[in-house]
Amino acid sequence: MTNSIYILIIAAFLDYLIGDPWDWPHPVQVMGWVISRLSKFSLQLCQNSLTQRLAGIVLGIILIIGSGLVGFLIIKIARLVHPLLGIAINSILLASCFAGRSLRAAAEAVLKPLTAGDLAEVRKILSNYVGRDTQNLSQAEILRAVLETVAENATDGVMAPLFYAIVGVFIPVIGPTPLALAYKASSTLDSMVGYREAPYTYLGWFCARLEDYLTWLPCRLTVVTLALLSGKPMYIWRICRRDAINDPSPNSGWSECAYAAFLGVQMGGTNWYRGVAKDKPLLGDAIYPITATSIQNALQLTRYCFLIWLGIAIAIFLILPNR
């Protein structure tokens, strides 16, 4: 357990200082490659709803358990070569599960040309990070899209992986990295095949539901953390209870609504996907307009939440007997 808490701290520093360099191989890239091949094979092989649902279950189990197991074995082999190599590989793999710096870099990549007034470049860059159509977005809609992405990914990209890493710290045989990798696999599955639209309607149902369940507790804990940081927890909770329940997602609506209530802005509205309009529920009250500062504040709030959870994990470790 002692090594695990140190690895958690090192990984947090690595994500803060370095993040995910674009030219480095990343576990999510490997997961995405495997998901792409297996999903295509499954869709070709399975031609009805039942077999596609069964294939989706197998796909989810293979990817989630397999990702954790492969990470566990890589770390074990590295430790056999040298204990310090084991610590280094363990820390790097765990850092790759935290998307704090990457989320900030993505937001800043959009905000920089936006500040310069280059909307054409902004729309082009934004299309790399969001699923909605970006070619006709106004500046206000661009800012909303970025803030919604930051708020949603704060949970499944930053806080949920940290949650499962902390759980792993206190399971000596497993450790933090395999659990974080397993969650990352679940999140990647959801983003690639967890859609209600064809061709993933049946293949992706299991992965989407499982990711919802795995993210539920970290999401609520994130909302509680933000509520406490705001100094007006009952207000944040009341706004979330009023608005978040209207979102079809059991988690992203809560995450976005908590940030909206904290910042005094409103998210949601009409988005366009492949030329089709989709109305999202309004989250929060439009006390202030969404600005670049709103996005920077949201990123800072995510960092505060991350540090609070990390500090709590360290405190628990220090007070536990026979650690």
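Can you tell me which residues in segment 65-86 are touching a Lys or Arg at 6+ places or on another chain (Cβ under 8 Å) and either of a type in the set (Asp, Glu) or closer than 26 Å to Phe306 by Cβ (or both)?
Passing the criteria: Ser67, Gly86.
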Residue that is modelled with pLDDT of 90 or more, farther than 24 Å from Phe317 by Cβ and open to solvent by less than 10 Å² (accessible area, probe 1.4 Å), where the choices are Ala140, Ala165, Ala151, Ala160: Ala151
Failed item, numbered, when Gln135 is tested on (1) part of a helix (DSSP H, G or I); (2) surrounded by fewer than 19 Cβ atoms within 10 Å (Cβ to Cβ): (1)
Any chance Ile171 is closer than 24 Å to Ala11 by Cα, assigned to a loop (DSSP other than H, G, I, E, B) and either within 18 Å of the chain's Cα centre (by Cα) or modelled with pLDDT under 95 (or both): yes
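So is Ile61 open to solvent by 40 Å² or more (accessible area, probe 1.4 Å), in contact with a helix residue (DSSP H, G or I) (Cβ under 8 Å, 6 or more places away or on another chain) and not small (Gly, Ala, Ser) or not? I'd like the intermediate steps shown before the answer.
Values: open to solvent by 40 Å² or more (accessible area, probe 1.4 Å): yes; in contact with a helix residue (DSSP H, G or I) (Cβ under 8 Å, 6 or more places away or on another chain): no; not small (Gly, Ala, Ser): yes.
Considered against the rule, which asks whether it is open to solvent by 40 Å² or more (accessible area, probe 1.4 Å), in contact with a helix residue (DSSP H, G or I) (Cβ under 8 Å, 6 or more places away or on another chain) and not small (Gly, Ala, Ser), Ile61 comes out as no.
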Residue match in segment 113-127 (condition: out of contact with any Asp or Glu (no Cβ under 6 Å at 6 or more places or on another chain) and in contact (Cβ under 8 Å) with a residue 40 or more places away in the chain): yes
Segment 269-323, residues that are open to solvent by 80 Å² or more (accessible area, probe 1.4 Å) and within 22 Å of the chain's Cα centre (by Cα): Leu282, Thr293, Tyr304, Leu307, Ile312
Failed item in (1) of a type in the set (A, V, I, L, M); (2) under 24 Å from Ser191 (Cβ atoms); (3) touching a residue at least 24 places away in the same chain (Cβ under 8 Å), with Ala261 passing the rest: (2)
Among (1) under 25 Å from Gly19 (Cα atoms); (2) in contact (Cβ under 8 Å) with a residue 40 or more places away in the chain; (3) not basic (Lys, Arg), the one test that Ala88 misses: (2)
Residue in segment 240-249 that is of a type outside the set (Gly, Ala, Ser), modelled with pLDDT under 95, within 30 Å of Leu54 (Cβ to Cβ) and open to solvent by less than 20 Å² (accessible area, probe 1.4 Å) present: yes
Sole exception among (1) open to solvent by 40 Å² or more (accessible area, probe 1.4 Å); (2) of a type in the set (S, T, N, Q); (3) under 19 Å from the mean Cα position of the chain (by Cα) for Ser49, by number: (3)
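Applying the selection to segment 180-207, what residues are among the small types (Gly, Ala, Ser), more than 12 Å from the chain's Cα centre (by Cα) and surrounded by fewer than 21 Cβ atoms within 10 Å (Cβ to Cβ)?
In the first step, residues of segment 180-207 are kept if they are among the small types (Gly, Ala, Ser); the result is 180, 182, 185-187, 191, 194, 198, 204.
Still in the running and more than 12 Å from the chain's Cα centre (by Cα): 182, 194, 198, 204.
Listed by number, the list holds a single entry, Ala198.
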Odd one out for Gln44, checked against (1) part of a helix (DSSP H, G or I); (2) touching a helix residue (DSSP H, G or I) at 6+ places or on another chain (Cβ under 6 Å); (3) among the polar types (S, T, N, Q): (2)
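The values are calculated or read from the model by the stated rules, or taken from the named source; none is laboratory data. Worth saying up front: this structure is predicted, and the values here are computed from it rather than measured. Glycine also receives a Cβ, built like all others from the backbone with ideal geometry; neighbour counts cover every protein chain displayed. When the accessible area is computed, the model is the full protein with side chains, heavy atoms only, and any ligands, DNA or RNA have been set aside. Shrake-Rupley method; radii C 1.70, N 1.55, O 1.52, S 1.80 Å.
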